[in-house]
1. Tally the DSSP beta bridges in the chain and give the antiparallel ones as a percent, rounded to 5.
2. So with the 1.4 Å probe, I'd like the accessible area per residue for the stretch 80-125, rounded to whole Å².
3. Rg(Cα) of the chain divided by 2.2 N^0.38 Å?
4. Amide H neighbours of TYR281 under 5 Å, counting only residues 5+ apart in sequence or on other chains, H built in-plane at 1.01 Å?
5. Return the equivalent ellipsoid semi-axes of the stretch 141-299 as a descending list in whole Å, where each equals the square root of 5 times an eigenvalue of the C-alpha gyration tensor.
6. Quick one: accessible area per residue over the stretch 133-225, 1.4 Å probe, rounded to a whole number of Å²?
7. What longest region of the chain stays clear of chymotrypsin sites (Phe, Trp or Tyr not before Pro) that DSSP places outside H, G, I, E and B and that have at most 14 other Cβ atoms within 10 Å?
8. Which far-off residues, 5 or more places away or on another chain, put their amide H under 5 Å from the one on SER144, with H placed in the peptide plane?
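The values are calculated or read from the model by the stated rules, or taken from the named source; none is laboratory data. Not measured: the values here are computed from a predicted model. Cβ sites come from the backbone with ideal geometry, for glycine too, and all protein chains shown count toward neighbours. These accessible areas exclude ligands, DNA and RNA; they are computed on the full protein's heavy atoms, side chains included. Shrake-Rupley method; radii C 1.70, N 1.55, O 1.52, S 1.80 Å.
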Amino acid sequence: MSEKTPPATYSAALMHPVLQPPSTAAERWWSYERPPTYDVIGTTVEIEMRDGVTIACELRRPGRDGAPVEGRFPSLVVEFTPYVVLHDFYLQEADFFVRRGYNALVGTLRGIGGSGGSWDHGSFTQCGLDAHDLIEWFAAQPFSDGRVGMYGESFGAQTSYSAAVEAPEHLVAIAPMQSPSSLYFDVIFPGGVKTTERGAIDNWPDIANMTSGGVIEADAEFAANRAHPTFDGFWRNRAFIDRLGTVSVPVLAVGGWNDGYFRSGTIANIEALSERTWTIYGPWPHFFPVALADPGWTESN
């Protein structure tokens, strides 16, 4: 492996996710009893943000006989990330719920894929503003009952918390899985000491380059990190420290004891919102802790 190659196990599995059959014990624990009763009707939409930038999304609705069914359904914003390469997998996640009576929206961050605007090194603030506007757009649609939830893993967990910080009127709950609290303290400068670039922890830029379809430039991300060796405004804009006080919705937080990236970050977020957080923790690494359509998700393949 060259020094520029992210860890093979993680990157290969991320690029080619594989679902494994669940064990009997896992099936009992994670079972979701509502049966699928709808087909999935999908369409591409462009949603305008408050500053005029459009965010490209896939809208999924319950349907039958090739058309959306009439009525108003609860809605989910699913995995709002820059990872366009994982888009089909995210649609599988969304479709699990659509078949059970939810609308779902899978969007791509500004500057990535078909979304307008420019990439800004993953600003939590901008992610939250855009997520807020997606949620309020979703709630206003005639096929929505006005209740919107949001969930995601890793980057999608960050955007879920960021959305809740902005307190959109129609957001009713979030489910962040393996979330960061502060990119500075979690992975880049833990304890004030710079981690090794392209090492075991500071390897996200190369992974992001692959999963964003080449839009996120790895060297530019590493350079931006190096340019801010102290916890300054750049990093405060990429942290939840002292910002979670505006969150008023219930939180289902999922974390992994073997998460080498955001184990401490996930716990910090849980502690900051302990009065409104329900938590599931397990012995998984920083990877999809459970495939929502099939709980037998593993990192091994």
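1. Values: 19 of 43 bridges.
For the chain, the DSSP antiparallel bridge percentage is about 45.
2. On the way: 1290 Å² over 46 residues.
Accessible area per residue, the stretch 80-125: 28 Å².
3. On the way: Rg = 18.5 Å, N = 301, 2.2 N^0.38 = 19.2 Å.
Normalised Cα radius of gyration, the chain: 0.96.
4. Placed amide hydrogens put GLY255 under 5 Å from TYR281.
5. Numbers: eigenvalues 137, 69, 56 Å².
Over the Cα atoms of the stretch 141-299, the semi-axes work out to 26, 19, 17 Å.
6. Numbers: 2870 Å² over 93 residues.
Result: 31 Å² of accessible area for each residue.
7. Numbers: sites that count: TYR32, TRP257.
Of all site-free stretches, the longest is 33-256.
8. Under 5 Å from the amide H of SER144 lie the amide H atoms of PHE73, each far enough along the sequence or on another chain.
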